[in-house]
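Trainee: Pasting a structure below so you can have a look.
Where a number appears in this text, it was derived from the coordinates with a stated rule and is not lab data. Worth saying up front: this structure is predicted, and the values here are computed from it rather than measured. Every residue, glycine as well, gets a Cβ built from its backbone with ideal geometry; the counts of neighbours run over all protein chains shown.
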Amino acid sequence: MAHNVTQKIIAAHLVSGELQAGSPISIRIDQTLTQDATGTMAYLQFEALGLPKVRTELSVSYVDHNMLQSGFENADDHRFLQSFAAKYGIHFSRPGNGICHQVHLERFSKPGRTLLGSDSHTPTSGGAGMLAIGAGGLDIALAMGGLAFNLNMPQVIGVKLTGRLQPFVSAKDIILEVLRRKTVKGGVGKVFEYFGPGVASLSVPARSTITNMGAELGATTSVFPSDAVTRAYLKAQGREADWSEWVADAGASYDEVLEIDLDTLEPLIACPHSPDNVKTVREVAGTPVAQVAIGSCTNSSYTDLMTVSAMLKGKVVAEGVSLGISPGSRQVMEMVTQDGGLLNFIGAGARILESACGPCIGMGFAPPSEGVSIRSFNRNFYGRSGTKNAAVYLASPETCAACALTGVITDPRDLGMAPIQVDLPGQFLVDDRMIVAPAGEPEKVEVLRGPNIAKLPVNHAAPDEIRGSVLIRLGDDITTDHIMPAGAKVLPLRSNLPAISEYVFHVVDESFPSRAKSSGGGFIVAGHNYGQGSSREHAALAPRYLGVKAVLVQSFARIHLANLINFGILPLTFVNAADYEKMQAGDELALDIRGLGLGKTLLLQDLSQGIEIAVQPQLASERDLELIRKGGALSWASEQLEK
Ligand code: MIC
Ligand code: SF4
């Protein structure tokens, strides 16, 4: 049978199940990546499995999120991660080397292989023909232990690209167009596979901008074929031997096809507070801008930054604007410096930030009150920038540079500049000395733990009946940034569950943690796409710590659903959508779960209103059932492993 690229890679890694969309499958994982904010917990979980060494082809631990080091916490975490990597056979990318996704693309991506990462933007390496999936830290720990990764066989949406991008229109505008059409819920259970004549005109970094932000569709991942362009990119990275061809078979089909004509695509912009709130830049042109931020794992390739540098050359950013540039990797930063780009940035008055996530995750460079911030990033969720009432827009580096120069939202085509053509270098500057290989004598390495590294929570088997009140009732598209915010105050607490739990739902309801604790826990009720965004398992772990036992919603985002199950929180959906309207915050509920079984509905008693509500546990396999009964995945996993 003719297969598309997604089906081919899955078929080559299939451990159980069939290539039938929607059915549970498990796949072998070749590579894993972690970043510091999710990695500490993932490695503590790996340690609990009791294995001497990772069992993957390659595992890399990056440090890029928690870089402010306003106290000892982050520095302690970095030291723990470095010593842990040395001992357990993991490569360690030191702070300063860049953002995990960009560095992984440059130095480790391998066409046709699978990559599981404890970060939702892991699909970045899909730009080089990998099947790269984001997941919670515990799933990464299990993959490092050699266990297969469980998911539902995705539908494959083909995105057919025709034509060629016009001057000042770039890859970011392609993914913004997909988001405009499909929304932040449109990708759940799906892989977006790009094909068609327009693909050959996109470089690997441009493709990776698209697969990176494909995460905002809620997609399982996004993938480009591995072709001559991929080969040339890997060759320029000194890794031609890692290349192999992965293209769709003749006659391969897709569950749905979207077509985008690159010739007619215009500069687009995602308006506050959702990546799918997309308009043309000209529609919102003229809005005054306070801040511009360029960089992140989405848009800091050599081409992106050199294009911005050419636009800024000899000019100064507008008087009311603060421009921050955070390059995605040390490789790009060095090359942009060598080729004169940095000089143009400095000359224009840009503030040069380190190669790290920085402002993207609210770690510094917060916008002013009610300020408009234009970012080349991938998320503009409410409160994420660190300033609750800021208005964050997402756009291409070209649009960002135009806004920085004029001080108002500006379509870069309206600057009257001559087109800028920046080609990818035929040879990148390759220097892997900031990547530390695992220790030769691991038994001699001591794992260094500071006071911020708390103990792992203990699993408790599920009771026969779940009781408690509706602790909070929320609407659609609740993000993990709402549930468990990041930012400079909270991110350093990622290894400390009791401390971080005090911030659950802080952006929407500061009294949640104390209410949850004093009432003995209970239920969360919400609308569609609950838990979209980040892979952070703290958005399940911390509510569980506060006593949340079940989450009842209209629908879930993929990674968060898996995280809830991994930590023994029962995920439920309404059988009758209208019942969502009936439930009130504060209602006392009781749910008998002795009848829990695959596909079985349960009856939830709303004791306050004296009504019954049919609910569907979102458990796809016997494994999921087992995890809920056991109160989480860790004890289950330890039993599965041959030591
Ligand atoms: C994000 O972009 O939201 C993050 C911060 O990279 C998260 C990971 C985290 O919360 O640590 C993600 O995308 O998974
Ligand atoms: Fe870092 Fe932002 Fe990318 Fe997340 S989206 S990995 S915070 S740069």
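Trainee: Using the Karplus equation 6.51 cos²θ - 1.76 cosθ + 1.60 (θ = phi - 60°), what ³J(HN,Hα) coupling, rounded to whole Hz, does each residue of segment 466-471 give in order, writing x for Gly and Pro?
Mentor: Karplus values, whole Hz, x for Gly and Pro: 9, 10, x, 9, 6, 6.
Trainee: Once all Cα-Cα distances of segment 218-351 are split into 10 Å bins that start at 0, what whole-number percent is in each one?
Mentor: With 10 Å bins starting at 0, P(r) equals 9, 26, 33, 24, 8, 1.
Trainee: In segment 12-117, which GluC sites (Glu not before Pro) are in a loop and have at most 12 other Cβ atoms within 10 Å, using DSSP for the loop call?
Mentor: Sparse-neighbourhood loop GluC sites (Glu not before Pro): GLU18.
Trainee: Please report the net charge: other residues with Cβ closer than 13 Å to the Cβ of ALA86, K and R +1, D and E -1.
Mentor: +2
Trainee: So for segment 363-488, what are the equivalent ellipsoid semi-axes in whole Å, largest first, each being the square root of 5 times an eigenvalue of the Cα gyration tensor?
Mentor: Gyration-tensor ellipsoid for segment 363-488: 40, 32, 14 Å.
Trainee: Related question: Could you work out the equivalent-ellipsoid semi-axes for segment 268-415, taking the square root of 5 times each eigenvalue of the Cα gyration tensor, largest first, in whole Å?
Mentor: For segment 268-415, the ellipsoid semi-axes come out as 22, 17, 13 Å.
Trainee: Given a Förster distance of 45 Å, report the FRET efficiency between LYS517 and VAL247 from their Cβ-Cβ distance, rounded to the nearest 0.05.
Mentor: The calculated FRET efficiency here is 0.25.
Trainee: So what J values fall out for segment 618-629 if you push phi through Karplus, 6.51 cos²θ - 1.76 cosθ + 1.60 with θ = phi - 60°, rounded to Hz, Gly and Pro as x?
Mentor: Working through the residues one at a time gives 8, 10, 9, 8, 4, 4, 4, 4, 4, 4, 5, 5 Hz.
Trainee: In addition: Pull up the cross-link candidates among the lysines for LYS517, meaning alpha carbon to alpha carbon under 26 Å and not fewer than 8 places away within one chain.
Mentor: The qualifying lysines are LYS388, LYS455, LYS489, LYS549, LYS582, LYS630.
Trainee: Compare the peptides 30-38, 147-155 by average per-residue count of other Cβ atoms within 10 angstrom and give them in order, highest first.
Mentor: 30-38, 147-155
Trainee: Based on a Kirkwood Rh over C-alpha pairs, give the Stokes-Einstein translational diffusion coefficient of segment 556-617 at 20 °C and viscosity 1.002 mPa s in µm²/s. The partial results should precede the final answer.
Mentor: Details: Rh = 12.7 Å.
Rounded to a whole number, D works out at 169 µm²/s.
Trainee: Over all alpha-carbon pairs of the chain, lay out the pair-distance distribution in 10 Å bins, whole %, shortest bin first.
Mentor: It works out to 3, 17, 28, 28, 17, 6, 1, 0, in whole percents.
Trainee: Moving to a separate point now. Order these peptides, 232-245, 264-277, 181-194, 431-444, by their mean beta-carbon neighbour count within 10 angstrom, highest first.
Mentor: For the peptides 232-245, 264-277, 181-194, 431-444, the packing ranking is 181-194, 264-277, 232-245, 431-444.
Trainee: Show the residues, 5+ positions off or on another chain, whose built amide H is closer than 5 Å to the amide H of GLY98.
Mentor: It is ARG330, by chain and number.
Trainee: How large is the dipole of the chain about the Cα centre if only Lys and Arg carry +1 and Asp and Glu carry -1, each at its Cβ, rounded to the nearest 20 debye?
Mentor: Once rounded to the nearest 20, the dipole reads 680 debye.
Trainee: Report the local net charge at HIS560: Lys and Arg +1, Asp and Glu -1, summed over other residues whose C-beta lies under 11 Å from its C-beta.
Mentor: In short, +1.
Trainee: Now for a separate question. Mean shadow of segment 61-193, computed from the convex hull of its alpha carbons, in nm²?
Mentor: On the way: hull surface 42.9 nm².
In nm², the orientation-averaged hull projection of segment 61-193 is 10.7.
Trainee: Let me ask something else. Determine ³J(HN,Hα), in whole Hz, for all residues of segment 324-338 in sequence, where each value follows from phi through the Karplus function 6.51 cos²θ - 1.76 cosθ + 1.60 and θ = phi - 60°; x replaces Gly and Pro.
Mentor: Whole-Hz 3J(HN,Hα) from phi for segment 324-338: x, 10, 10, x, x, 8, 5, 4, 5, 4, 5, 5, 5, 5, 4.
Trainee: For segment 424-495, what are Rg and Dmax over the alpha carbons, in angstrom?
Mentor: Just the Cα atoms of segment 424-495 yield Rg and Dmax of 22.2, 63 Å.
Trainee: Over segment 268-415, what is the relative contact order in whole percent, taking alpha-carbon pairs under 8 Å and six or more residues apart?
Mentor: Value for segment 268-415: 36 percent.
Trainee: Would you mind computing, in nm to one decimal, how far apart the modelled labels at ALA228 and THR162 are, each placed 7 Å from Cα along Cα→Cβ?
Mentor: According to this spin-label approximation, the distance is 2.2 nm.
Trainee: Relative contact order (percent) for the chain, with alpha-carbon contacts under 8 angstrom and 6 or more residues of separation?
Mentor: The value is 15 percent.
Trainee: Taking amide hydrogens as modeled 1.01 Å from N in the peptide plane, which residues meet the under 5 Å criterion relative to GLN237, leaving out close sequence neighbours?
Mentor: Here the answer is PHE428, since their amide H atoms fall under 5 Å of that of GLN237.
Trainee: Where does segment 10-113 land on Rg/Rh, using Cα atoms and the Kirkwood Rh?
Mentor: Working: Rg = 15.8 Å, Rh = 15.2 Å.
Radius of gyration over Kirkwood radius for segment 10-113 works out to 1.04.
Trainee: Let me ask something else about it. Taking square-rooted eigenvalues a ≥ b ≥ c of the alpha carbon gyration tensor, is segment 491-643 rounded, prolate or oblate, where a/c under 1.5 means rounded and, failing that, a/b exceeding b/c means prolate? The partial results should precede the final answer.
Mentor: Details: a/c = 1.70, a/b = 1.09, b/c = 1.56.
In terms of gyration-tensor shape, oblate.
Trainee: Can you give the charge dipole size of segment 465-632 about its Cα centre, rounded to the nearest 20 debye, using +1 on the beta carbon of Lys and Arg and -1 on the beta carbon of Asp and Glu?
Mentor: Magnitude of the dipole: close to 540 debye.
Trainee: Skipping prolines and chain starts, which residues have an amide H placed within reach, meaning under 5 Å, of the one on LEU589, given they are 5 or more residues away or on another chain?
Mentor: Long-range HN contacts for LEU589: GLY468, SER469, VAL470, LEU607.
Trainee: Still on this structure, please answer the following. Just flag the trypsin sites (Lys or Arg not before Pro) in segment 540-589 sitting in loop per DSSP whose Cβ has no more than 13 other Cβ atoms within 10 Å.
Mentor: Qualifying residues, ordered by number: none.
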